[in-house]
Amino acid sequence: MMKLDNPSSWFSLPRFLVFLLTLLLTFALGMTLFSLPPAPFQLLDTIHRSLPHSGVTNPVTAVLLNFRAYDTLLEIGVLLVAVFGIRAFPEAFQEHSPSLPAPSEVLLALVRLLVPLMVLIAGYLLWAGSHAPGGAFQAGAVLGAGAVLILLAGLPLSKWFHGWWFRAALILGFMLFLGVGFWAMAMEGHFLEYPRDRAEDLILLIEAALTVSIGCILATLFLGLPDAAPVKDAANEKS
Amino acid sequence: MSQFQLYGMTGVALFGLGMYAVIAHAHLIRKILAINFMGSGIFLVLGAVARRASEGMPDPVPHAMVLTGIVVAVSATAFSLSLTRRIHTETGRSSLPRDGGT
């Protein structure tokens, strides 16, 4: 098995067997794809019949936040679990935290120009999600990218990562989603079954909270839990 | 070959490439990259399945599954990268140990 790591002897029997087996599997998957029946389910019709009751007109958002809201709730749960996992061993980051070079004026100017624009775009994507491609995850990704840009420019954003309100923002989306789910259960009898006349407002509320949480979560996933001491120094220098 | 089949076969090929690399490479970063390859292949297949009927609206359910999948893939990648980093801090290596340790 040592041979697998050695580039000079790239051919070995186990590796060749793995190659053959994955090739077979790939062909089997390809054959399955070709032999799929043309349109076996009527899901599309069901969605278009129920779309007027969903509170939004974009079918993808309707599936994500209403028909299959369970999936989205568990998805934000998975994100939170990843964040908890990363925050669970902060010492791994203290030895190898890369020290960024001092930010150039060009980068700082770019950040000043782009970050407000990104917040604006995130707000637009959040609003557009109800009738066009967009929604909480796209908006959260743009917010997270803005946070990453700020971090790469060396601005003292990472000291916020230890604040209680940042932790609150991390769980806000999940807790609000869960709360709305139980509230809907009290009102309508089923978990996450929104009252029809309130569905539009509820989806917008959940998506707004999800956007904030996803932005914070993605920034945490990028940075990990930052080294506390140098960040404090940087913050003191700037302020 | 229809558009569905072209995109679908590309996705299946990406999945196969990733699967081979996950098994064949011992380096953890390569494994993580390979798993992301497999994920991208699956997303491409789902995107192709959504547009299987060449007329009318694309099916929104696979689109929603892709969106969910991308987010889960990102968080799993971030977590496995931080685990790799922890393994590197603890053992000084970025590969899995051989059969039975050392």
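Where in chain B is the longest stretch that carries no trypsin sites (Lys or Arg not before Pro) classed as loop by DSSP and with at most 16 other Cβ atoms within 10 Å?
In chain B, the maximal stretch lacking such sites is B:1-92.
Computed 3J(HN,Hα) for the range B:62-77, one whole-Hz value per residue from the Karplus formula 6.51 cos²θ - 1.76 cosθ + 1.60 where θ = phi - 60°, is x, 4, 5, 5, 5, 4, 4, x, 4, 5, 5, 5, 4, 5, 5, 5, glycine and proline marked x. Dividing the alpha-carbon Rg of the range A:51-238 by 2.2 N^0.38 Å yields what? Dividing the Cα Rg of the range A:51-238 by 2.2 N^0.38 Å gives 1.15. Our estimate of slack between A:Met175 and A:Ala28, defined as 0.36 nm per intervening residue step minus the Cα-Cα distance, is 48.7 nm. For chain B, the longest principal axis of the alpha carbon atoms and the long axis of helix B:3-24 meet at an angle near 10°. Put simply, the amide H of B:Ser95, placed in the peptide plane, has neighbours under 5 Å in B:Leu28, leaving out anything fewer than 5 places away on its chain.
Compactness ratio for the range B:3-91: Cα radius of gyration over 2.2 N^0.38 Å (N = residue count) comes to 1.29. The angle between the Cα long axis of helix B:28-50 and the longest principal axis of the Cα atoms of chain B comes to about 10 degrees, rounded to the nearest 10.
Pick out, in residue order, every one of the chymotrypsin sites (Phe, Trp or Tyr not before Pro) in the range A:162-207 that is DSSP loop and has at most 12 other C-beta atoms within 10 Å; say none if there are none.
Sites meeting the loop and neighbour criteria: none at all.
Rounded to 0.05, the FRET efficiency of the A:Ala186 and A:Arg87 pair, given R0 = 25 Å and the Cβ-Cβ distance, is 0.15.
No value in this document is a laboratory result; all are computed from the given coordinates. Since this is a predicted model, take the numbers as computed values, not measurements. Neighbour counts run over all protein chains shown; Cβ positions are idealised from the backbone, glycine included.
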